[in-house]
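The values are calculated or read from the model by the stated rules, or taken from the named source; none is laboratory data. This is a predicted model, so every value here is computed, not measured. Cβ: placed from backbone, ideal geometry, glycine included. Neighbour counts: every protein chain shown. The accessibility values were calculated without ligands, DNA or RNA, using every heavy atom of the protein model including side chains. Shrake-Rupley method; radii C 1.70, N 1.55, O 1.52, S 1.80 Å.
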Amino acid sequence: MYGFNTVIERNTFLSDGGSSGYGLYLYYDNYYQAGMSRIVNNMITIRNCTNVYYGVYHYYSNGSLFAHNTIRVESAYASGYALYSYYGANNSYLNNIVMHAGAGYAWYVVPGTNVVASNYNNWYSMGVNLAYWGAARTNLAALQAASGQDGFSKSKPVSFADITTGNLHLVAPSDDDNDLIGTTLPAVADDIDLEPRVRPYMGADEACYL
């Protein structure tokens, strides 16, 4: 999509089956006309797909707050990406859960100057590489060293309510996991269910905090 001042909020996207899959596709957003976009509190699931190319395709987009999203893709395709961030400028990635439950990357970033902030994310992949930043990075420590970002981020599997229906609400043991506590973002005061963010949790779901 082309656009500016885009708001994509509180959606559940599910793709189940097929030979190739894309989730959310953002193309030249705020590129031809200046703006600031919100991509927050979304759940994105791609499963039973031979080739997951991109869970989220974030291409030549500027000025995006990409926060409190939960992305889970699965595929044996090693050149696929749960989140693909390609060029653009002034994009922030905060409090997200991004999982590749297969052979691909959790995050692919080129060139890196397009990211002004990235922290309190959970990046996880079952593949041999976690991310790409200047080169393939096998784990979180390597990503942190290459990027200078994500100092408080984590890399661990997460338990969800029902991936078959795209229900990526957190369940035990993840719903009471202090490792998944992010940072307070005044711009995102509640979750996908309009529940107030108190701790707050990474991803779209503000899990049980009592």
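In the set (1) in contact with a His (Cβ under 8 Å, 6 or more places away or on another chain); (2) on the phi > 0 side of the Ramachandran plot, residue 194 fails one condition alone, (1). Could you grab the pairs with beta carbons closer than 8 Å, sequence gap of 6+ or different chains, first residue in segment 51-76 and over 18 Å from residue 166 (Cα atoms) and at pLDDT below 95, second one open to solvent by 10 Å² or more (accessible area, probe 1.4 Å) and β-branched (Val, Ile, Thr)? Listed pairs, sorted by first residue: 76/50. Selection within segment 100-114: residues that are open to solvent by 10 Å² or more (accessible area, probe 1.4 Å) and hydrophobic (A, V, I, L, M, F, W, C). The member of this set that is nearest to the chain's Cα centre (by Cα) is 101.
Every condition in (1) open to solvent by less than 50 Å² (accessible area, probe 1.4 Å); (2) in a helix (DSSP H, G or I) holds for residue 158 except the one numbered (2). Counting the residues of segment 78-93 that are open to solvent by 30 Å² or more (accessible area, probe 1.4 Å) and more than 19 Å from residue 4 (Cα to Cα) gives 3.
For segment 163-199, a residue qualifies if it is open to solvent by 40 Å² or more (accessible area, probe 1.4 Å), assigned to a loop (DSSP other than H, G, I, E, B) and either touching a residue at least 60 places away in the same chain (Cβ under 8 Å) or closer than 18 Å to residue 43 by Cβ (or both), and the qualifying residues are 171, 183, 187, 193, 194, 195.
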